[in-house]
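Laboratory data are not the source of any read-out in this text; all were calculated from the coordinates shown. Just so you know, these numbers come straight off a predicted model, no measurement behind them. All Cβ positions, glycine included, derive from the backbone under ideal geometry; neighbour counts span all protein chains shown.
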Amino acid sequence: MDSAQDINEYTKQVLRLEHRFYQHVTIVKVDGECPYGHKEGDTFTITAMNSDGICGSLLQGIISPVVSLHYGGSLVWENNPDSFSGRCLEGGRVEVVVKRVAQQQPVMLQTPFTFKDMHGKRFPLLDQYRLMVEVRDIAVRCIWGHKIGDVFEVDPFNVGGACCLLYAQLYPYMHILLSGATPGWATENHAIRGECPDTYDRLCYKLYRVARS
């Protein structure tokens, strides 16, 4: 791409393809009580970026097949190429059915996020610590809308307004940092740095743990 016009045309094409589909998520079973508050019959409209208020541990349990459907693929073991069943990571407590839906007019879905306080809900590490994400750099621009200098809170239940693909990348390290460990390749204790999966726009972040006051 040699000109601004080429870049703009490329961006328009990417956005058209990015917003062709959304995934309709229906909670069909809850074993006991979901600490995040999900209930049977709840529905969500998610994409590879939009979490629509779904629990982070449920999102992490279904994000890989969601991405497969979102970009036009299907799962080899499913009879219906447009749907699948999945469960959350918290012992499979919440079960969902996910269906791909084509948008008549491709538009970006971006549901405002409300953080749910998980403090005092029998998760001792969340009672002791918070996890913060700082956007350190963006090579081009973030389609989701993150800006350099943004700082927001996440945890294994709260997506925190992050793009789903970014959250999915952060998720395993949340448990590592909350547990008091640090990956061997990290350059500082209780923190990691990385890039989001968008290798064109290249958002660089820092995920770090802070003690609750």
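CYS204 to MET108: extension gain in nm, 0.36 nm per residue of separation minus the Cα-Cα distance? Can you show the working numbers first?
On the way: separation 96, 0.36 × 96 = 34.56 nm, distance 2.24 nm.
Length gained, CYS204 through MET108: 32.3 nm.
Return LYS29, LYS147 ranked ascending by Cβ neighbour count within 10 Å, so the fewest neighbours appear first. If you can, show how the numbers build up before the last one.
Working: LYS29 13, LYS147 10.
Arranged by neighbour count, lowest to highest, LYS29, LYS147 become LYS147, LYS29.
Got the relative contact order for segment 124-211 handy, in percent, Cα pairs under 8 Å and 6 or more residues apart? Each step should come with its number before you reach the end.
Values: 145 pairs, mean separation 35.5, N = 88.
After rounding, I find 40 percent.
Which of rounded, prolate, oblate describes the chain, given a ≥ b ≥ c as roots of the alpha-carbon gyration tensor eigenvalues and a/c under 1.5 marking rounded, otherwise prolate only if a/b is larger than b/c?
oblate
Label separation (ILE148 vs LEU17): 2.8 nm, computed from points 7 Å beyond Cα along the C-beta direction. Packing here is the average count of other Cβ atoms within 10 Å per residue, and on that basis the peptides 31-40, 52-61, highest first, run 52-61, 31-40.
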